Amino acid sequence: QVQLVESGGGWVQAGGSLRVSCAASGRTFSIYTMGWFRQAPEKEREFVAVIEWSGVRTAYTGSVQGRFTISRDNAKNTVYLQMNSLKPEDTAVYYCAGTRATWPVAAHNFDYWGQGTQVTVSS
C-alpha cells in the first residue's frame, strides 16, 4: 500500500514554470512506477507523464513533450513534475498515481492516486 500527497500547484502566467511534487508513504515506493495525470474542467482525465522505478525510463504525452520533465528521488519517496513554458491549456488538476506493474504500463494499471493539486495558467 502507498499513500500519495501532491503539492506545489498554483497560479502562473503563460510561459512560466511550476514544479509539482508527490510525496509517498510506504517503504516500497522505490518499486513503483509513478505517473502524473491531469483533468481539466469538463474533460476526461488524461495521462501526462510516467517514470519507472529506477528513474531511467520516462514517457510523456505529446502535448507536454519537451516542456515537462518527470523525475523521482527514491530516498525521499517523492516524484516531481517540472513544468516549463506553461500554456493556458495546461490548466487542470494534476494527480499523482502509482502502480506496481512493470514497464511499460497503461493508465488502467495505476492503483494508487493522490487527491490532486490545481495548476492554473493564465494567458
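Taken one residue at a time, the phi angles of the range 89-103 give Karplus couplings (6.51, -1.76, 1.60, θ = phi - 60°) of 6, 7, 4, 4, 8, 9, 10, 8, 9, x, 8, 8, 5, 8, 5 Hz. Gly and Pro are set to x. With semi-axes defined as the square roots of five times the eigenvalues of the C-alpha gyration tensor, the equivalent ellipsoid of the range 60-123 measures 22, 13, 13 Å, largest first.
The per residue volume of the convex hull around the alpha-carbon atoms of the chain is 91 Å³.
Determine the share of the range 9-123's accessible area contributed by carbon and sulfur atoms, expressed in whole percent, with a 1.4 angstrom probe. Of the solvent-accessible surface of the range 9-123, carbon and sulfur hold 48 percent.
So which chymotrypsin sites (Phe, Trp or Tyr not before Pro) in the range 1-109 are both in a DSSP loop and have at most 14 other Cβ atoms within 10 Å of their Cβ? The partial results should precede the final answer.
Working: sites: W11, F29, Y32, W36, F37, F47, W53, Y60, F68, Y80, Y94, Y95; in loops: Y32, W53.
Answer in residue order: no site qualifies.
Its alpha carbons give the range 1-62 an Rg and a Dmax of 13.5, 38 Å. Contact order for the chain, expressed relative to its length and based on alpha carbon pairs under 8 Å spaced 6+ residues apart, stands at 36 percent.
The values are calculated or read from the model by the stated rules, or taken from the named source; none is laboratory data. Please read all numbers here as calculations on a predicted model, not as lab measurements. So basically every Cβ, Gly included, is an ideal-geometry build from the backbone, and we count neighbours across all protein chains shown. Accessible surface areas use protein heavy atoms only, side chains included; no ligands, DNA or RNA. Shrake-Rupley method; radii C 1.70, N 1.55, O 1.52, S 1.80 Å.
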